[in-house]
Amino acid sequence: MPAENGNSENGDVGREETRGEGTVATSGNGLVDVYREMVMVRTFEEACQKGFRSGKIGGYLHVYIGEEAVASGFLSAFKEGDRVITAYRDHPHALILGAEPKNVMAELYGKGTGLVKGKGGSMHLFDVENGLMGGYGIVGGHIPLGVGMAYAQRYQGSDHITQLYLGDGSMSNGAFHEAANLAGLWGKEGLCPCLFIVENNQYGMGTSVERTTAMTDLAAKFDAYGIENEKVDGMDVEAVMEVAQRAADHVRETGKPYAVEALTYRTASHGAADFMEKYRTKDEVDEWRQRDPIGLLEKKLLENGELDEEKLEEIKGETKELIDDAVKFADESDQPDISELYTDVYAGEDEYLGEK
Amino acid sequence: MAETKTYREALRDAMVHELDRDESVVLMGEDIGVYGGTHLITDGLYDEYGPKRIMDTPISEGGFTGAAIGMAMLGMRPIVEMMTWNFSFLASDQIIQNAAKVRYFSGGQVEVPLVIRGPNGGGVQLSAQHTHSLENLYGHFPGLKVVSPVTPNDAKGMMLTAVRDPNPVIFLEAGALYGTKGEVGEGDNAVPFGKARIAREGTDVTLIAYGRQVSLCMRAADALEEEDGVSAEVIDLRSIRPFDEDTLVKSVEKTHRAVAVQEQWKWFGVASEVAAIIQEQAFDYLDAPVQRVSGAEVPAPYARNLELAAFPSEKMVANAARRTLYIEEK
Ligand SMILES: Cc1ncc(C[n+]2csc(CCOP(=O)(O)OP(=O)(O)O)c2C)c(N)n1
Ligand SMILES: [Mg+2]
């Protein structure tokens, strides 16, 4: 059983050893790198919103603004060979695991240089080489897949684990309950190293958790399936990192699933096209903004002297440059070749069964 | 009397009409209440009718659709919103295994007066998991009625008919056209199921479609007229099950040529059914093989250029018509 929930002082639990080889600078001194990573994700997401408004990005666009500490914190416990699966709010997972921002942006711009060749768009980022087994668009639909992946990892004799991200809203879906039950069951035999990470951002689209279930303690829902669980302040990245490391170690050692409900908040609208927000007040959003995960970390790092204003500006400047370059790359890339329409439908020699 | 309204307003009008007329009518779905509906179809209804009749549901398509079937079996008349039909796969077990069949396997002891409605079809870069046209899927199952109106007037008139029908109705809306305007009959202008609409009269070739593809056929018909002097008739099927075979056959008897258009995949689709009906009932009148225009046999791609290439275009329709007339394609 993992230790009680406490904040480790410097929070950068084995970061260097555990991080997969990302392109996002993670070498060096722990928390400052986490800060840089979160700023990078935020800057990327803001660029996406801009791209959507100007019509460069089509379809649905869901950004992670306000929730950065969750993905960043949990992925700090990622070890090479582990797997990550999530829903459609998937940009941070791809970026933090090491996908190049320019390829992610090109995907959103519908270009042939995109992470999945322009075929999936924002909701379907995949980077199998770096561990990302995808973003999925049907709420709850990916949860059983993650449980199956965890089983496969043990079946194949590895000590890797699956980080399975899911939304508060998805827990009303039958697929969640069926998958959690399976995970609990297989976990009894040590055959399901699945770390469930509930990104509880308080809403599924316009419906609050209170209006979606009579049992609002989401972590406790896992009790019904024999899966140990806890909650964490998802705005405090150090707290998240601590839980993540402990929970990942536990899952890795025992082969049993474990669940963490991260309490966070989507300060952006649900999707880029959703401006109305009739379901919440401005005051509520402002209140959560006071606890913005990047703001909190920034304050801490300035206070303890790990960062000063100059370094801060430097990080922001470098990040802006990185994302500006990504946007430029995306903009200048070509659309996929039309022949791509007919590839990847089937594996094997005949990739397309139909007339062209 | 008629008024100009959007497709969206026409749908809401019909539901308001039925909510006022019949207390057993309730609306259910994700974010249809406080939020006003993700496509704003139900905007304002929550304030007007309250949470008992305008029910916000969790993201539990199988659960709330099944519950709606149960309500209907006890005499309520639920109108369920699928935020988009793509999510109906989660509810398809309830729709197919219960709604479609319970009347039959109960020996006629119960009925299921239920409407399931929402936007169907693609075209806005939502990619593979959010782009489906499901008329052939649901049209396959006896016990279900399946309709697909494209004009605002039909959206309203067929919704009135759907709510009053004692059977489960799959109501496939042209989501891409929610904002388009048209003349809508006032009051009780119920439009019957099983009656196709001649959207444009013509003499040389019949273009057959439903939903969004009707607009495509109208544009193709204009192009054929201008560029080739060809007079195309356009049939809007409106109703997939029951299906109006008469209107189809009569038109082909007149034009001797037919092109069936659908957004969905070619294999096992509605266009195949259209072609089969024509060869069964109007074989001797045909002067050319029936052409089918369909989507490419791939999951929907995201990139704009790929998506456009995956769906039927005005040009593809016009060229198919030219093939039936043995004139050069453009
Ligand atoms: C089965 C299904 N139903 C409905 C939707 C539409 N939809 C997309 S996101 C969403 C809200 C999901 O909320 P949550 O799981 O809390 O994730 P969040 O968006 O808050 O990250 C809904 C209802 C969908 N994609 N899939
Ligand atoms: Mg949520």
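Could you calculate the contour length gain from A:Glu309 to A:Glu46, that is, 0.36 nm times the residue separation minus the distance between their Cα atoms, to one decimal place in nm? Don't jump to the answer; show the numbers that get you there.
On the way: separation 263, 0.36 × 263 = 94.68 nm, distance 2.21 nm.
92.5 nm is the gain from fully extending A:Glu309 to A:Glu46.
To the nearest 20 Debye, how big is the dipole of the stretch A:18-332 about its Cα centre, given +1 on the beta carbon of each Lys and Arg and -1 on that of each Asp and Glu? Intermediate values should be presented prior to the final figure.
On the way: 33 positive and 52 negative charges, 234 e Å.
In total the dipole reaches around 1120 debye.
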In the stretch B:33-73, the residues losing 40 Å² or more of accessible area (1.4 Å probe, heavy atoms of protein chains only) relative to their chain alone are B:Val34, B:Tyr35, B:Pro58, B:Ile59
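Count the net charge of all other residues whose Cβ sits under 9 Å from the Cβ of A:Glu107, scoring Lys and Arg as +1 and Asp and Glu as -1.
Numbers: positive: A:Lys111, A:Lys117, A:Lys119; negative: none.
Net local charge, A:Glu107 excluded: +3.
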Which of A:Ala69, A:Gly140, A:Tyr155 sits closest to the plus end of the dipole of the stretch A:50-165, meaning its Cα is farthest towards the positive end, when Lys and Arg get +1 and Asp and Glu get -1 on the C-beta? A:Gly140
Over 29 Å (Cα to Cα) among A:Lys79/A:Lys231; B:Lys254/B:Lys330; B:Lys5/B:Lys145; A:Lys221/B:Lys145; A:Lys256/A:Lys320; A:Lys50/A:Lys282 -> A:Lys221/B:Lys145; A:Lys256/A:Lys320
With charges set only on the Cβ (+1 for Lys and Arg, -1 for Asp and Glu), what does the dipole of the protein assembly as shown come to about its Cα centre, in debye to the nearest 20? 1940 debye
GNM top mover of B:Ala260, B:Ala67, B:Ala99 - chain B, alpha-carbon springs below 10 Å: B:Ala67
Along chain B, longest interval not containing exposed GluC sites (Glu not before Pro), exposed being DSSP loop plus at most 13 other Cβ atoms within 10 Å: B:24-185
Net charge, B:Phe141 excluded, C-beta distance under 11 Å - Lys, Arg +1, Asp, Glu -1: +3
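As a test, work out the antiparallel percent of DSSP beta bridges whose residues both lie in the protein assembly as shown, rounded to the nearest 5.
Details: 13 of 68 bridges.
The antiparallel fraction comes to roughly 20 percent.
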Note, the stretch B:33-41: 3J(HN,Hα) by Karplus (6.51, -1.76, 1.60, θ = phi - 60°), whole Hz, Gly/Pro = x, goes x, 3, 6, x, x, 5, 10, 6, 5
Selected from B:Ala67, B:Asn98, B:Gly37, residue furthest toward positive end of dipole (the stretch B:2-185; charges at beta carbon): B:Asn98
Which value results when the Cα radius of gyration for the protein assembly as shown is divided by 2.2 N^0.38 Å? 1.03
Modelled label-to-label distance, B:Lys254 and A:Thr254, 7 Å Cα→beta-carbon offset: nm? 7.4 nm
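Among rounded, prolate and oblate, which fits the stretch A:18-332 when a ≥ b ≥ c are the square roots of the eigenvalues of its C-alpha gyration tensor, a/c under 1.5 means rounded, and a/b larger than b/c means prolate? Before the final figure, lay out the partial values.
On the way: a/c = 1.34, a/b = 1.30, b/c = 1.03.
Rounded shape, in that the Cα axes give a/c under 1.5.
Place a +1 charge on the Cβ of each Lys and Arg in chain B and a -1 charge on the Cβ of each Asp and Glu, then give the dipole magnitude about the Cα centre in debye, rounded to the nearest 20.
Values: 31 positive and 47 negative charges, 108 e Å.
Its charge dipole is roughly 520 debye.
Please give the per residue volume of the convex hull enclosing the alpha carbon atoms of the stretch B:2-185, rounded to a whole number of Å³.
Numbers: hull volume 19.2 nm³, N = 184.
Normalising the Cα hull of the stretch B:2-185 by residue number yields 104 Å³.
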Among A:Pro293, A:Gln335, B:Val150, whose Cα sits farthest toward the positive end of the charge dipole of the protein assembly as shown (+1 at Cβ of Lys/Arg, -1 at Cβ of Asp/Glu, about the Cα centre)? B:Val150
Need the C-alpha centroid separation for the stretch A:155-208 versus the stretch B:277-320, integer Å. 42 Å
Once A:Glu178 and A:Glu230 are pulled to full extension, the length gained, defined as 0.36 nm per residue separation minus their Cα-Cα distance, is 16.7 nm
Give the residue list of chymotrypsin sites (Phe, Trp or Tyr not before Pro) in the stretch B:270-330 that are DSSP loop and have at most 13 other beta-carbon atoms within 10 angstrom. B:Tyr326
Do any chymotrypsin sites (Phe, Trp or Tyr not before Pro) in the stretch A:249-356 lie in a loop, going by DSSP, with at most 13 other beta-carbon atoms within 10 Å of their beta carbon, and if so which? A:Phe275, A:Tyr346
In a GNM of chain A with a 10 Å cut-off on Cα contacts, which of A:Thr264, A:Thr319, A:Thr212 has the highest mean-square fluctuation? A:Thr212
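The values are calculated or read from the model by the stated rules, or taken from the named source; none is laboratory data. Nothing here was measured: the structure is a model prediction, and the numbers come from that model. Here the Cβ is made from the backbone with ideal geometry for all residues, glycine too, and neighbour counts use every protein chain on show. For the accessible areas, the whole protein counts, side chains as well, though only heavy atoms, and no ligand, DNA or RNA atoms are used. Shrake-Rupley method; radii C 1.70, N 1.55, O 1.52, S 1.80 Å.
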